[in-house]
Every structure is written in structure tokens, then in C-alpha cells.
């Protein structure tokens, strides 16, 4: 018989057989005892439970009479084939992904994940880590990763950061949730348009959202200054989703806004490594580390399934974030942190990013060329960067109709309106191209051209 958790109060003088029969009956009904399973002989089960053999014999007889068990000479007592209790379906937590080619933004080319390098680094880590490293991790993240990550961010993003300023988190979404809890309930300005996936986690953490419009120079800092927000979340290096860069004048204006008492800027540096026409603009945090929180991850450079990210924050905010981690989940898994640290310190991470930068630039160029061929009158917004393209549709195009028609043609992609809160804008599409080859992209845009013209 499978190992079942049977509990009997053997101090009772009555009802033991009834209790045992009831527990076995439930085990049959819910499938823990499968049809055909052999039950132990009555003498063996009685000894295991510490009861008389008569208790087990009586329980077996009752269940045999009810049809839950069967008994035959030479084969012992077995579970009969009876209908199991139906299991209530678990309601889905999110709508299932529509059928068709997924062109939504957020996932890099997963076929390019550096499996060999990750495996080599993992073997090294397992061979060299001391036994003590496998204990409960530092809520701030393992020190070797924070050290090499601080050096990487100083070198690549011009950040003003040390290992003490960094907290390792489970991706940008986790980092934002922790940060908003650390900051406490407050008025938070967000870009409009912006990522709709972040809004629920921000509001659930206590943020009161204030949309601020975005134009060709990035977030409108004058509009931010007129509002009531004391914190602002923005993507200055590559605005999501329009792809524009916060202009120098707007950066200067944001610096003046940060001089206000208690003002904080949250910089989502989600894909800054992937700038194709020039070196990426340095992060805001490098200019105002006293008032800026820098959040990033490896989700775009490696894979979102790793759930590895970081927060660089002023000391008081860092202490609050680490305290929350210590009180809630005790920190991130340590093995993956050590592996990532090894990839960075050996240069494998940089080599991978350089290779992917070339691949994504080629795909972006192919996408823009295909748009010119198949959808004349469309216009790509933003700088040459990232893994998606914000495309304004030709004048007169109906965005909702194009999205619906594209789905009929086997393409799943969002319209620009999905990202807007209060602002209005032209009909547009947001196309994720990271996982699509140049040949596939041409076919995709040809189908989009049909969706636009029909």
C-alpha cells in the first residue's frame, strides 16, 4: 500500500474501526489510493497502527461491503475501481496567450542563451564554493556578485555605485515592489505611455500613480514639476515603449526637480546595453546617486526565467529594502548569483552581450527595411536600440482593426493604445523582434501590410 498518513487515537475504546474506515474511504475517493492498489494484511496494518487486528478486519469488511475494497482468495484486499471525487479546476491567474506568432515585447532570443558558458561557470562555482556558502544567503545578495556587478555598472553604465549600495533581487518587477514598500505610500509619477504590466504591482505596493506625458524628448519634466508626485519612475536611456531618449535639457530639469525635499527618481535601466548607433547614454544615477534608484536585470541580456536583477539605491533606501527581504523571503537563491558573478568576472557576460548586440541590430535593421517595403507611410520611433520597435501606422489606419486583422493572420502583437494611460496618440504597433530571424521578420511585416490595407 502506498505510504498514507493515517491517524488514530488509540487511547479511545470505541469507534476506531469507524475512524479507520473513514480515512481509507477518503483516500480512495481523492485518488491517494488508486484502483487496484494492494492493502497490507490486517495483521501488518494493525501492528503499524498499534491497534488490535479486529479493528482493521472490521474496517476492511465495512469498505468491502460499500464497494470501496475487494477481497479475493490468494490476492488479498485491494482497492476497487470506484469514481474519484472530481477536483475543482483552478481558475487561471491570467488570460491564456492568444494563438499565433508571439511578437509581444519582453523576451530576448532564448535560443541564444549561453548554455555552455553557464554550465562551465556552474561547474566552477560548485567545485570552489565553501560549504558555508550554502547556508541562508545575505538578504542583500552574495558579496562576490555585488562586487563584480558594481564594477560592471560603473564601467558600462557610468553608475556611481559600490557593492554596499546594491541589493540583488528577483528581476525588475520584484525590485520595484520591494522599492515601493521601502519608500512607503506616496504619489508616483509614471511615463505615459508606459508598461501596463508594472502598474498593478506599483499600486498594490501603495503607489498613487500620476501619468506624465512623453514626447520626442522623453518625459515632460515641466508637467512632472506641476504635479503632486514626490517620486518618479522613468526609462531615460530608452523610453518604454516609444524608444526615445531623455534629452539633455530634460535631464537637467529632472536634476532640479530632484532638489525638492524628499524627491526620488527610479531609473528602470531595462535594456540599456543594447544601443546600436553609439554608446548608450550614461545612467541618471551616476549624476544624482543621492536621489536616484537604479534598477536593472539580466532578463533582456540573458533570460527572464533566471529572475536575477539588482537595485542600486542611497544607503537609507538600501537598508529598508534589505530589511524587508530579511522579513519576507530571506534573499535570492545563492547559486545563480555566484554563477552570474563568474560570467561577469571572466568576461563571458560581456562577450555574450556584444554578440547579441550585433544580432539584434541586424534584426532591427531588417524590420525597418521590411516596413518600408510592405507598409509605406509607417514611421519607426526612437533611437537605434533595444529589442522592440514602436511603429506609427500610416495616416488613417485604425489601430484596433489592424491588431484584430493581424491576429486573424496569425500575428499576436499589441497596439500602442495598450500602453497609454491618459494621453492620446496616433495609431501604432509595438513590435518585439528579438526572437525572430530576418527572414521571418520580412514575412511577418508582409502579413502586417495585409492587415493595414484590408
Legend entry - From the options 164, 150, 158, residue that is over 27 Å from residue 381 (Cα atoms) and either crowded, with 21+ Cβ neighbours inside 10 Å or in contact with a helix residue (DSSP H, G or I) (Cβ under 6 Å, 6 or more places away or on another chain) (or both): 150
Inset, instruction - Kindly indicate whether any position in segment 224-233 is part of a loop (DSSP other than H, G, I, E, B) and surrounded by 15 or more Cβ atoms within 10 Å (Cβ to Cβ). - result: yes
Inset, instruction - Return the residue satisfying two criteria in turn: it lies in segment 40-69 and is part of a loop (DSSP other than H, G, I, E, B) and out of contact with any helix residue (DSSP H, G or I) (no Cβ under 7 Å at 6 or more places or on another chain), and of such residues it is surrounded by the fewest Cβ atoms within 10 Å (Cβ to Cβ). - result: 50
Legend entry - Every residue from segment 105-141 that is touching a strand residue (DSSP E or B) at 6+ places or on another chain (Cβ under 7 Å) and farther than 26 Å from residue 354 by Cβ: 140
Legend entry - Conditions (1) within 24 Å of the chain's Cα centre (by Cα); (2) farther than 19 Å from residue 103 by Cβ; (3) outside any helix (DSSP H, G or I): number failed by residue 300: (2)
Inset, instruction - Go through 340, 367, 371 for me and flag whichever is assigned to a helix (DSSP H, G or I), closer than 30 Å to residue 131 by Cβ and modelled with pLDDT of 95 or more. - result: 340
Inset, instruction - Would you point out the residue of segment 1-19, among those that are surrounded by 14 or more Cβ atoms within 10 Å (Cβ to Cβ) and over 45 Å from the mean Cα position of the chain (by Cα), that is modelled with the lowest pLDDT? - result: 8
Inset, instruction - Specify which of the listed residues (378, 423, 384) is touching a strand residue (DSSP E or B) at 6+ places or on another chain (Cβ under 8 Å), within 22 Å of residue 245 (Cβ to Cβ) and modelled with pLDDT under 95. - result: 423
Inset, instruction - Look through 135, 140, 171 and report the one residue that is at positive phi and in the same structural domain as residue 342 (by TED's automatic domain parsing). - result: 171
Inset, instruction - Confirm whether residue 340 is in contact with a helix residue (DSSP H, G or I) (Cβ under 8 Å, 6 or more places away or on another chain) and surrounded by 22 or more Cβ atoms within 10 Å (Cβ to Cβ). - result: yes
Inset, instruction - Please enumerate the residues belonging to segment 210-223 that are part of a strand (DSSP E or B) and either farther than 24 Å from residue 392 by Cα or touching a helix residue (DSSP H, G or I) at 6+ places or on another chain (Cβ under 9 Å) (or both). - result: 210, 212, 213, 218, 219
Legend entry - In segment 243-271, residue nearest to residue 165 (Cα to Cα) [restricted to those that are crowded, with 24+ Cβ neighbours inside 10 Å and touching a residue at least 60 places away in the same chain (Cβ under 8 Å)]: 266
Inset, instruction - Take the residues in segment 388-420 that are in a loop (DSSP other than H, G, I, E, B) and under 22 Å from the mean Cα position of the chain (by Cα), then tell me which one is farthest from residue 372 (Cα to Cα). - result: 420
Inset, instruction - From (1) touching a strand residue (DSSP E or B) at 6+ places or on another chain (Cβ under 9 Å); (2) without any contact (Cβ under 8 Å) to a residue 24 or more places away in the chain, pick out the condition that doesn't hold for residue 347. - result: (1)
Legend entry - For residue 167: the one exception among (1) assigned to a strand (DSSP E or B); (2) more than 29 Å from residue 337 (Cβ to Cβ); (3) under 20 Å from the mean Cα position of the chain (by Cα): (2)
Inset, instruction - Kindly establish whether residue 237 is closer than 22 Å to residue 311 by Cα, touching a helix residue (DSSP H, G or I) at 6+ places or on another chain (Cβ under 8 Å) and in contact (Cβ under 8 Å) with a residue 24 or more places away in the chain. - result: no
Inset, instruction - Quick one: in segment 194-209, of everything that is buried (at least 18 other Cβ atoms within 10 Å of the Cβ) and assigned to a loop (DSSP other than H, G, I, E, B), which residue is modelled with the lowest pLDDT? - result: 205
Legend entry - Scan of segment 421-439 for residues that are free of Cβ contacts under 8 Å to residues at least 60 places away in the same chain and either part of a loop (DSSP other than H, G, I, E, B) or out of contact with any helix residue (DSSP H, G or I) (no Cβ under 9 Å at 6 or more places or on another chain) (or both), ordered by number: 424, 426, 427
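The values are calculated or read from the model by the stated rules, or taken from the named source; none is laboratory data. Just so it is clear, the structure is predicted and the values come from calculations on it, not from any experiment. Quick reminder, even Gly has a Cβ in these numbers, built from the backbone with ideal geometry, and neighbours come from all protein chains shown.
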